[in-house]
């Protein structure tokens, strides 16, 4: 009952923002305000569901989960991004710090120098500090819904593995209107971008669900989500220049490299969850 209620409410609230985005045909419509509203739709649905089903606000795990898990959430995305993009550069599917990309970043930030030795480290520091704060404010909306509410409910019913996977499938499917109608595809055909995106989101769902249960908090999940958006979309992809038509099929959220490495991280988190998989304590943890 509570899961069905949440999914219906999420769809209804999301539709308020899907419609103008689809009408404009681009994700960035409305100066990004539509996307911000859309990312908070799962949180609104979760709060309403908790109220309507009398589950109690503590079920959303809004308490702080500790600095250890917060730092872990921040560090995981740049780790898998560095591996995925490092392999991309080494294998020649993309070019690191392409002069045109560096010059574009410098112009956007109003910097006079376009020396990669100056721009790249300063760009990492700037984005990794100030921008992550903005990203957390957005990502928290999704994570209150997906990991604060939905994942624990599904884990309690299906177990850790399937609860994580189903949460990932639902959250990936929630992006489909943007994939099909708003150009959210990385420039690759939908039949290629969609499987890559689903694979990445499902892998991340396993990581995020483990983090949610281990910390008993949604905050590390929001930080990881924000860090992922920051380093994949805002740092590593802009720093990678094209080296032929294959580049767009390798980099970003719609290429093969990031999803492949994310799945390896997911396997690691799945193994870390072994002490609680199939254990009675899992239901207690999921219900908190």
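The values are calculated or read from the model by the stated rules, or taken from the named source; none is laboratory data. Predicted model, so just to flag it, every value in this text is computed and none were measured. Reconstructed Cβ throughout: ideal geometry from the backbone, glycine too, with neighbour counts over all protein chains shown.
Check whether at least one residue in the stretch 56-67 is closer than 30 Å to residue 174 by Cα, under 18 Å from the mean Cα position of the chain (by Cα) and surrounded by 18 or more Cβ atoms within 10 Å (Cβ to Cβ), and report yes or no.
Taking every residue of the stretch 56-67 in turn, none turns out to be closer than 30 Å to residue 174 by Cα, under 18 Å from the mean Cα position of the chain (by Cα) and surrounded by 18 or more Cβ atoms within 10 Å (Cβ to Cβ).
For the stretch 16-29, how many residues meet the condition of being in a helix (DSSP H, G or I) and farther than 20 Å from residue 168 by Cα?
Qualifying residue count for the region: 9.
Looking only at the stretch 30-59, filter to residues that are without any contact (Cβ under 8 Å) to a residue 12 or more places away in the chain and assigned to a helix (DSSP H, G or I); which one of those is nearest to residue 186 (Cα to Cα)?
32
Sort through 262, 258, 218 and tell me the only one that's surrounded by 16 or more Cβ atoms within 10 Å (Cβ to Cβ), closer than 13 Å to residue 206 by Cα, in contact with a helix residue (DSSP H, G or I) (Cβ under 7 Å, 6 or more places away or on another chain) and modelled with pLDDT of 95 or more.
The conditions single out 262.
Could you list all residues from the stretch 134-186 that are under 15 Å from residue 209 (Cα atoms) and not in a helix (DSSP H, G or I)?
159
Pick from 7, 62: which is in a loop (DSSP other than H, G, I, E, B) and closer than 13 Å to residue 149 by Cβ?
62
Per-residue answers, yes or no, for (1) at positive phi; (2) assigned to a helix (DSSP H, G or I); (3) free of Cβ contacts under 8 Å to residues at least 40 places away in the same chain:
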{"residue": "106", "(1), (2), (3)": "no, yes, yes"}
{"residue": "112", "(1), (2), (3)": "no, no, yes"}
{"residue": "119", "(1), (2), (3)": "no, yes, yes"}
{"residue": "129", "(1), (2), (3)": "no, yes, yes"}
{"residue": "132", "(1), (2), (3)": "no, yes, no"}
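Identify, by number, the condition in (1) modelled with pLDDT under 95; (2) surrounded by fewer than 18 Cβ atoms within 10 Å (Cβ to Cβ) that residue 195 doesn't meet.
Evaluating residue 195 over (1) modelled with pLDDT under 95; (2) surrounded by fewer than 18 Cβ atoms within 10 Å (Cβ to Cβ) leaves (1) as the failure.
Go over the candidates 235, 250 one by one and state the one that is in contact with a strand residue (DSSP E or B) (Cβ under 7 Å, 6 or more places away or on another chain) and at pLDDT 90 or above.
Only one candidate passes the filter, namely 250.
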